[in-house]
Amino acid sequence: TKTISKCYVQVTGMTCASCVANIERNLRREDGIHSILVALMAGKAEVRYNPAVIHPSAIAELIRELGFGATVMENCGEGDGILELVVRGMTCASCVHKIESTLMKTNGVLYCSVALATNKAHIKYDPEIIGPRDVIQVIKDLGFTTSLVKRDRSASHLDHKQEIRQWKRSFVVSLVFCIPVMGLMIYMMVMDSQLSDAHAHHNMSNEEMEALHSSMVLEYQLLPGLSVMNFLSFLLCVPVQMFGGWHFYIQAYKALKHKTANMDVLIVLATSIAFVYSFVILLVAMAEKAKVNPVTFFDTPPMLFVFISLGRWLEHVAKGKTSEALARLISLQATEATIVTLGPDNVLLSEEQVDVELVQRGDIVKVIPGGKFPVDGRVIEGHSMVDESLITGEAMPVTKKPGNTVIAGSINQNGSLLISATHVGADTTLSQIVKLVEEAQTSKAPIQQFADKLSGYFVPAIVAVSVVTLFAWIIIGFVDFEIVEKYFLGYNKSISAAEVIIRFAFQASITVLCIACPCSLGLA
């Protein structure tokens, strides 16, 4: 007897059904090749061959000679079928043992485990030898009722509605509070430039300058050390920090728990530090009843949150659109199939309706006019026109006669066809497309991965730089106090030099954090 082995070859460079036909036609002629089945979307060829005559590497070489890329796939476990069943009527452990032992004795079943508590059976089988219907029949013969675990056909796990809502809310909250903050900022800038013009023209003394400064509405002090500007900014910043930044805090916490630093950690770091620092500075100024209003960074968090939540919102909207398309694709799949048994001379003996997941490779499926093809297959008998626009986009129906291939999900138009199933379940063209789109959704763009990897180094680096800044200024201050005095304007003369230095060093290091942090990288 000839031993038949099976191997899988990854094939690249196939563009359409004619490539598939080309490979199949040419390889069938070769010695030692028993059968070949090529799946276009999966880019995979399943070859059954006689190992005494030909080797997998030689098969791959034959495909390469036809102008395609081909590599032999080592892990051939992908050919195993997996079946999830609900089994009713089990009462005790001996029932479980009975089912398991009977199935394991059955030819073609590779693995089987039955859980009494959940009434579920998990079975791995070789689709070449046995199929899901045979397995179900074995269990029925033992006296239990069984049915398939219903798979969720809607693409609910690809639904981005909740994320879209959450980021939209985050964006709107941040925006509402950001606009006044920006207004205040611009107003301050304009007033400042007018002041410096006035200063340039009328060589005023610094005292007059101070008087003019404090006469501005926003610089008016509600309490000593607390100006209107800072108070308003603080009020506007709190809700953004709480509600706008809520999701960032959660993500950042999760990232830090796993000892990684991602984009969210950066954003949270910058905004929290800007906010906390500004708040503390205000408290200190109020405690000292300072005459000059401290420089705060309350404008940083709202603006950052606005840009970043806008970006996230748009990203999820885009993903949602793909998901919608995917959900529509999934809904194109047929749910049932009519399986027929043929006698000699293709005489119909019987037909039965089964769930599409129970169709096995090699089954003969009957498709009536107006029906959908439940699986990919080859026409055995009948002539018809088929609408394959769901895959090809071509609105004109395609003629199908015995020997032609048909695609799952396409619609049969005028004649009844008998097809032999070649790709079933997750191997059909439609399932493969759905899988590709799902993978594309879950995987990140290379540049995005790069940014995440970068922020892994970026966060610690920035923190390090700001710490260095802190210590550098403390050292400079104690070595040469005049430098600090030159840059640290309007500090209270009544406090000690050491305190001035420390405070200035902190201000410098916080500035580094706030400015260098997530702005450009995060927004990009």
At the level of C-alpha centres, the distance separating region 80-136 and region 248-325, in angstrom, is 53
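Would you mind calculating the relative contact order of region 331-423 from Cα pairs under 8 angstrom and at least 6 residues apart, reporting the percent as a whole number? Kindly include the intermediate steps, with their values, before the conclusion.
Details: 237 pairs, mean separation 31.3, N = 93.
Across region 331-423, relative contact order equals 34 percent.
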So, for region 1-130, what is the accessible surface per residue at a probe of 1.4 Å, expressed in square angstrom? 52
Value of relative contact order over the chain, rounded to a whole percent, pairs C-alpha under 8 Å and six or more apart: 11
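How large is the accessible surface per residue of region 333-431, computed with a 1.4 Å probe and reported in Å² as a whole number? Intermediate values should be presented prior to the final figure.
Values: 4430 Å² over 99 residues.
Dividing the accessible area of region 333-431 by its residue count gives 45 Å².
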Sites matching GluC sites (Glu not before Pro) across region 362-449 that sit in DSSP coil, with at most 13 neighbouring C-beta atoms within 10 Å: GLU394
Which of ILE164, SER57, GLY108 sits closest to the plus end of the dipole of the chain, meaning its Cα is farthest towards the positive end, when Lys and Arg get +1 and Asp and Glu get -1 on the C-beta? GLY108
What number, in percent, do you get for the relative contact order of region 370-462 if the mean sequence gap of Cα pairs under 8 Å and at least 6 apart is divided by its residue count? 31
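Looking at region 1-95, which trypsin sites (Lys or Arg not before Pro) are in a loop (DSSP not H, G, I, E or B) and have at most 15 other Cβ atoms within 10 Å?
Details: sites: LYS2, LYS6, ARG25, ARG28, ARG29, LYS44, ARG48, ARG64, ARG88; in loops: LYS2, ARG29.
Taking region 1-95 and a limit of 15 other Cβ atoms within 10 Å, the loop trypsin sites (Lys or Arg not before Pro) found are LYS2, ARG29.
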Where the accessible area of the chain is counted over protein heavy atoms with a 1.4 Å probe, how much of it, in %, is carbon and sulfur? 62
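Given only helices, namely DSSP H runs of n ≥ 4 each adding -39500 (n - 2.57), what is the per-residue ellipticity at 222 nm of the chain, to the nearest 500 deg cm²/dmol?
Values: 16 runs with 262 residues, N = 524.
Taken over the chain, the calculation gives -16500 deg cm²/dmol.
The values are calculated or read from the model by the stated rules, or taken from the named source; none is laboratory data. Just so we're clear, the structure is a prediction, and the values are computed from it rather than from any experiment. Positions of Cβ are backbone-derived with ideal geometry, glycine not excepted, and every protein chain shown enters the neighbour counts. For accessibility, only protein heavy atoms count, side chains too; no ligands or nucleic acids. Shrake-Rupley method; radii C 1.70, N 1.55, O 1.52, S 1.80 Å.
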